[in-house]
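The values are calculated or read from the model by the stated rules, or taken from the named source; none is laboratory data. Keep in mind the model is a prediction, meaning the values are calculated, not measured. As a convention, Cβ positions derive from the backbone with ideal geometry for all residues, glycine included, and neighbour counts pool all protein chains shown. Just the protein is used for accessible areas: all its heavy atoms, side chains included, with ligands, DNA and RNA removed. Shrake-Rupley method; radii C 1.70, N 1.55, O 1.52, S 1.80 Å.
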Amino acid sequence: MNFSYKSKFVVGFFIIISVIGIYELSVYEIKKLPLTYELISEHEGEDRILESIDGKLSDTFLIRETLRQYVVNVNNDILEIKATIVGIDPTTNNVVFNNEQIFFVDRNTRKHAQSNEYFAFPPNVQKQNYEFFHPMIFTSATFVFEKTNKIDDLEVYDFSCKYTGTDVSLAFPQFPSKKILSDGKCMVSVEPMTGMVVTFSKEWDDYFVDNGIRGAQVELGGKHTTDYSESILVDGAKSAKSLYYFFDVVLPILISIIGIIVLLVVILFEKTKNQTKLIIQAHHDLIKKEKLSTIGELTSRISHDLRNPLGLIKLTVDSIESRINKKLDPKLDEYIPILNDAISRINHQINQVLGFVKTTSLDLKLVSLLQMLHESITNTNVPKNIKVILPKHDFSLMASKISLEAAFGNLLSNSVDAIGHNNGSITIRAKNEKNNLIIEFEDSGEGISKENLDKIFEPLFTTKQQGTGLGLASVKSIIEAHGGMITVTSPPTIFTLTLPENPKSDISPI
């Protein structure tokens, strides 16, 4: 091994290690509490409260509480977080509880800046006890690990806590100059990989204290996370868990494999300078025959396909942040479907990589063709010089929305590439024919050569300098998985998709 060969090997090895190290630092930054951290959670339960100092506890009534935590100031890695808890009687809308607190939290550790107690669970939660000062508890408490549980197929860790003698006087302005203490217990369920709490329940007993002696009860009740909030928190934890897995496992493996492949190619190239052409040809043959050799090209495709939904997530988060900054009430119902849809797209692409040699079932639902086309156009970078003409009428069919939108997006991208910088158009037509939906994509590009026309659906075949050769192969796979077929004629280039309106239940998976 000569000096040059050794040097390139060492340099290549350190480059791979450096890239992985930089990537891990980036992932660490992603896992910090975000600068725009916000949490909204609703709880409901039953309560009894003292009507007057000399009176008695009221009859049991329903109570609904809203917890909101949000960042009000940032100082380096210290977040100033405001937490408000407002409890109302839903039958009268009277406020029965109102508490406001300010916390200074280290976004790296998720601990309070002035103590060693946690404000929120960190990622990779362990089966151990945690010292907390939780906004819903109003005091320091030990969260004791109880057991592993499952909520809607999501694995969670259950923790319990108890506290006694916590001063909650400020939460009862109707009893000024009175000291009020609280005893209680709580139970939380947390997704361990992300540290996201998905359920919370609490019982409390509040009472007057005079000269150290317990007096009359002021409040007695209990609450738990509403089903609505729980479903949102569980879905959010599932999505975040998938992203954490992608960042922690999938991408490092891809980076390592790509780096090793590149390094091996360089080493082999140095050792066989006199056989360069044979090595390059053998390398290209190996790429076409072996699954692992497609990783480099798959990475390019995944980067392209993930860019649009990630951009959509960013725009949606920016919209929510803008409404918060303008002190508008963020209507989460408007944004959560957008975020979930974008995250579903990302998960779909991840599943394509992880399950490239596996089969996955289609999630068939009644979908709108025009809606899918609009989504595909929105997520495809169609330049201003190209006009997209949609069908005049809408059609419905049973299909996988995410899969078909990906297929339509690939066809639109191909048409855009074919037209290039010239002014042109993409015409999409649709019609019913013998219980099938016939969809045509026609573009005004130069067309496809005869020698390439029979090859365009083959995996890894591409005429583009940066193409992966998987786009049209993926389209063909998706259409056939729906029990349909795709054909192409050129010039002009027309892709014809034939899809059954009601696919059979035993259709082939993707």
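For Lys392, the aspartates and glutamates whose Cα comes closer than 14 Å to its Cα, not counting residues fewer than 8 places off in the same chain, are Glu440.
A simple rule links phi to the HN-Hα coupling: the Karplus curve 6.51 cos²θ - 1.76 cosθ + 1.60 with θ = phi - 60°, which for segment 61-73 gives 9, 6, 9, 10, 10, 10, 9, 10, 10, 7, 7, 10, 7 Hz, with x for Gly and Pro. The slack in the chain from Ile40 to Leu370, taken as 0.36 nm per residue of separation less the alpha-carbon distance, amounts to 115.3 nm. Here segment 69-204 is treated as a sphere whose radius is the Kirkwood value from Cα pairs; by Stokes-Einstein at 37 °C and 0.692 mPa s it diffuses with a coefficient of 202 µm²/s. The distance between label points at Ile255 and Asp394 comes to 4.4 nm (points 7 Å beyond Cα on the Cα→Cβ vector). A Förster radius of 22 Å, combined with the Cβ-Cβ distance separating Val265 from Ile17, puts the computed FRET efficiency at roughly 0.75. Per-residue surface analysis assigns Lys401 an accessible area of about 50 Å², computed on protein heavy atoms at 1.4 Å probe radius. Kirkwood analysis of the Cα pair distances in segment 361-481 returns a hydrodynamic radius of 15.2 Å.
Of the Cα atoms belonging to segment 33-116, the radius of gyration and Dmax stand at 16.8, 50 Å.
Packing here is the average count of other Cβ atoms within 10 Å per residue, and on that basis the peptides 485-497, 233-245, highest first, run 233-245, 485-497. Counting only protein heavy atoms and using a 1.4 Å probe, the accessible area of Cys186 comes to about 10 Å².
In a fully extended conformation the segment linking Asn98 and Lys127 would gain 7.1 nm over its present Cα-Cα distance, using 0.36 nm per residue.
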